[in-house]
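The values are calculated or read from the model by the stated rules, or taken from the named source; none is laboratory data. Nothing here was measured: the structure is a model prediction, and the numbers come from that model. Every residue, glycine as well, gets a Cβ built from its backbone with ideal geometry; the counts of neighbours run over all protein chains shown. Only protein heavy atoms, including side chains, enter the accessible area calculation; ligands, DNA and RNA are left aside. Shrake-Rupley method; radii C 1.70, N 1.55, O 1.52, S 1.80 Å.
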Amino acid sequence: MGVLSQVVLFPLAPVRGVVWIAERMRDVAEEELCHPSVLRARLAALNEALESGAIGPEEFDREEDRLLDLLERSGGREGKAR
């Protein structure tokens, strides 16, 4: 990048910094929400809700499928260091 383009784009530097921080925060939040241990805990809570009668079988099936899909997509990330 040339000196002239750096001078012209300098006023946008704070915006690029905020966008970068927002993207990192999104990545961390997605990783935490889709971590296998979190998904397993949500599945356990879902089973308890079904057993207590708080939710019906149809709602249980929908949410269970969604959580199992997320768990499958998260794959083997549990063993990886952050």
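What to note about this one:
- Over the C-alpha atoms of segment 16-55, the Rg to Rh ratio, Rh being the Kirkwood estimate, stands at 1.31.
- Residue among 10, 25, 44 farthest towards the positive dipole end of the chain, charges placed on Cβ: 10
- Counting only protein heavy atoms and a 1.4 Å probe, the chain has 79 square angstrom of accessible area per residue.
- For the pair residue 32 and residue 44 in one chain, pulling the backbone fully straight at 0.36 nm per residue adds 2.6 nm over the alpha carbon distance.
- Sequence-separation-based contact order of the chain, relative, with Cα cut under 8 Å and 6+ spacing, percent: 33
- With every protein chain in place, the chain: carbon and sulfur % of accessible area (1.4 Å): 62
- Put a dot 7 Å past the Cα of residue 61, heading toward its Cβ, do the same for residue 23, and the two dots end up 4.1 nm apart.
- Extending 7 Å from the Cα toward the beta-carbon at both residue 51 and residue 72 defines two label points whose distance is 2.6 nm.
- With distances taken between every two different alpha-carbon atoms, the chain has a Kirkwood hydrodynamic radius of 16.0 Å.
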